[in-house]
Structure formats: C-alpha cells, structure tokens
Amino acid sequence: MIKQAGLAAMMSAALIATAPISNAATVLTLEGGLVGLQHIWHFTPTQLQGDPCKSPNHCQPVDYFAFPGGAYTDQGAEKVVQAIDALPDDEQIVLFGHSQGGQVVYSDLRRFAADPANAPDPSRLTWISIGNPENSYGGRRGKTESATDPWLPPDTAYQGTEVIRQYDGWADWPDDPRNLLAVANAVVGMFSIHTDYRQVDLDDPNNVRFTPEVNGQPGNVTYVWAPTKTLPLVAWAGPFAPALDNALRPIVEKGYHRPVDIPDPTPPSSSTAVKQAQKTAATKSIGSPKRAGDRHATPSTSQRKAKGSTASSAR
C-alpha cells in the first residue's frame, strides 16, 4: 500500500506526488517546549498514530533546548540545518515538529526563504507541523501577539501539512476574545488536547482540509483540522458531557472565524432536534399576530445567504 511507502501516511495527495514512492525518508523529529529538555523522551514520533516513522522511513530526533522563547526556537532551527547537512545529498527529508517543534520548522522555512541558494532542494524536503502556536489559522501567538512579518511565509517553496486539533488552545485559539466560554474552553484544551495528537489519522474522512491560494494557484501548505468529539471544558462530566457539549458548542463556535466549517461530530439526535423545532414553532405561534397589510416579513432561514468556503472535507 502507498501508506507503507513512507510519505503517504502523513501527507495529503499533493504532498505524496512530490516524493518518489520507492524512496524512504529520514524524518527529523522536534519535541515541544519543556519535553525537549529531557533529551531522552521523544513523544513526537508517536503522534499521528506513529505513521511518519513507519518503515521504510526512519525517525531521527533533533535534540535542542526546547524552552519557550524565540532564541531557543532559532537554536533548534540551527540544529536542524546541522542534521540536514549530515545526511546524504539524495536523502529524502521530512521535518516533523510538535508545538514548539513546529515553530522550529517555521524558523527553518523562514531561513530557507531568506537564503534559497544555500537551502535544501524543495524536491527532497517536506514538513509536518502539529499543534503549532504560530499557525496562520488558529495559532495563539498570531492572534495575541503583534508581528511585522507572517509567522510562515505564505509562498514557501516547501510543501507541508499543518495539523490542528479542534480546541487545541495553542493551535486553535478563538478569534473573539470576548467569547469567554470559547476562551475558557481553549485554555482547558491547552492541557488536554494540545499534548495528544497520537490518535489523529490524516486519512480520516472527518478531517477538514484547506489549501490557501498563492497568486491564484494552490499554495504549498495544506491545513488539516481534526474534529474534537467533546468540548475540553465539559469532558470531565462523564455521562452528562454529550448534553453539555450540544448546549455549549454552538456558543463556543461563535468565537471562531476559521476559513473552514468543522461539522459537529456529535450533533443532537433527530428526536431532540424535532423537539427543539416544535418548541420554537410553539413560541412563535403565541407571539403577537401580524397585522393585515404588514409588508415587512422576516426572511426565512433558507433565504439567507449560505457561507462560502474553499475548504473541502474528504467525506
């Protein structure tokens, strides 16, 4: 199967086409903040179901002082360059970073863009970032800190996949800080969702993908949102969690303005929906009757303009 060939298990179809199926890749893994301080615990290879590291690929950790801060991130980027320089010139390379490790990948991409003459050939290097606080469509840093330049060059020459778990507070921060419920949910997600991408399957048809255009053409970065079944804020509630999720998720989602719509993985049951519709209809029926000759009618839901999207779901 293509999955066993190396790159397909971790990338979208656009990425698969860029690397010879017969070639194995060296996957340089980068840990998130604080985890990388240990230099003995390497969790990144276990993320995404371990697919990036499956044979014939080979995962090789890049140890760096993974402590929050731009200086440490840039030091990690330098170590990545050293690791690349030590590999054979024809070796396929994948950069695979979690959290701050993803920021290290971005730092390298900025470095390559600034000095393309001394950068790796784009035909031999691709990348995967998960839970990245700097991602352009949910990263907390981009939404809470000012920056003169984009965190990730939109026209990067290197094809990559940015994976975001819904409600990961570091990678899926709300756009509206006034939505306190969404903010509280994201804060909880920083500790419960952010650290665990182990069961995320990039081939899951429930994932939602988005590839921004550059100069009218699909760019080299594909964003993949993996839906979260239960709001982190109510996950503790056990058997009551589904009902709380159904009640609160619509409010939480109002705090987001993603370029994609993420379907509710556990929508209310049809019977519940019918009861809600009946209740709404009953409420409207006891309102003040419309006067004869009143020309101003409220447009129906079906008449409202549907929200457009260039994103696609693989379902």
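Results for (1) of a type outside the set (Val, Ile, Thr); (2) open to solvent by 50 Å² or more (accessible area, probe 1.4 Å); (3) touching a Leu at 6+ places or on another chain (Cβ under 7 Å), shown as yes or no for each residue.
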| position | (1), (2), (3) |
| --- | --- |
| Gly169 | yes, no, no |
| Ala182 | yes, no, no |
| Ile193 | no, no, no |
| Ala235 | yes, yes, no |
- prompt: Restricting attention to segment 116-157, which residues are more than 24 Å from Trp225 (Cβ to Cβ) and not acidic (Asp, Glu)?
  reply: Pro116, Ala117, Asn118, Ala119, Pro120, Pro122, Ser123, Arg124, Leu125, Ser146, Thr148, Ala157
query: Do any residues in segment 55-82 that are open to solvent by less than 80 Å² (accessible area, probe 1.4 Å) have Cβ atoms under 8 Å from those of residues that are of a type in the set (Lys, Arg) and part of a helix (DSSP H, G or I), where the two are at least six apart or on different chains, and which pairs are they?
result: Val62/Lys79; Asp63/Lys79; Tyr64/Lys79; Ala77/Arg111; Val81/Arg111
- line: Screening Gly101, Gly189, Gly131 for residues that are on the phi > 0 side of the Ramachandran plot, modelled with pLDDT of 95 or more and either in contact with an Asp or Glu (Cβ under 8 Å, 6 or more places away or on another chain) or surrounded by fewer than 15 Cβ atoms within 10 Å (Cβ to Cβ) (or both) leaves only Gly131
- prompt: Going through segment 136-176 one residue at a time, which ones are modelled with pLDDT of 95 or more, within 21 Å of Arg198 (Cβ to Cβ) and not basic (Lys, Arg)?
  reply: Gly160, Thr161, Glu162, Val163, Ile164, Gln166, Tyr167, Asp168, Gly169, Trp170, Ala171, Asp172
statement: The condition from (1) modelled with pLDDT of 90 or more; (2) not in a loop (DSSP other than H, G, I, E, B) that Tyr256 misses is numbered (2)
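Which of the residues spanning segment 33-53 are part of a loop (DSSP other than H, G, I, E, B) and modelled with pLDDT of 95 or more? Working first, answer last.
Taking segment 33-53 first, the residues part of a loop (DSSP other than H, G, I, E, B) are 33-34, 38-43, 47.
Hit for segment 33-53 is Gln47, nothing else.
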field: Filter result (buried (at least 18 other Cβ atoms within 10 Å of the Cβ) and farther than 25 Å from Gln92 by Cα) within segment 35-54
entry: Val35
- prompt: Quick check: anything in segment 201-220 open to solvent by less than 60 Å² (accessible area, probe 1.4 Å), in a strand (DSSP E or B), modelled with pLDDT of 95 or more and within 25 Å of Pro122 (Cβ to Cβ)?
  reply: yes
query: Which members of segment 148-167 meet the condition of being out of contact with any strand residue (DSSP E or B) (no Cβ under 7 Å at 6 or more places or on another chain) and open to solvent by 30 Å² or more (accessible area, probe 1.4 Å)?
result: Thr148, Asp149, Pro150, Trp151, Ala157
field: Candidate set: segment 87-98, residues that are surrounded by fewer than 24 Cβ atoms within 10 Å (Cβ to Cβ) and touching a residue at least 12 places away in the same chain (Cβ under 8 Å); chosen: the one farthest from Ala71 (Cα to Cα)
entry: Asp90
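The values are calculated or read from the model by the stated rules, or taken from the named source; none is laboratory data. Since the structure is predicted, the reported quantities are computational estimates derived from the model, not experimental observations. Cβ coordinates were reconstructed from backbone atoms using ideal geometry, including for glycine residues, and neighbour counts include every protein chain displayed. SASA here: full protein model, heavy atoms, side chains in, ligands and nucleic acids out. Shrake-Rupley method; radii C 1.70, N 1.55, O 1.52, S 1.80 Å.
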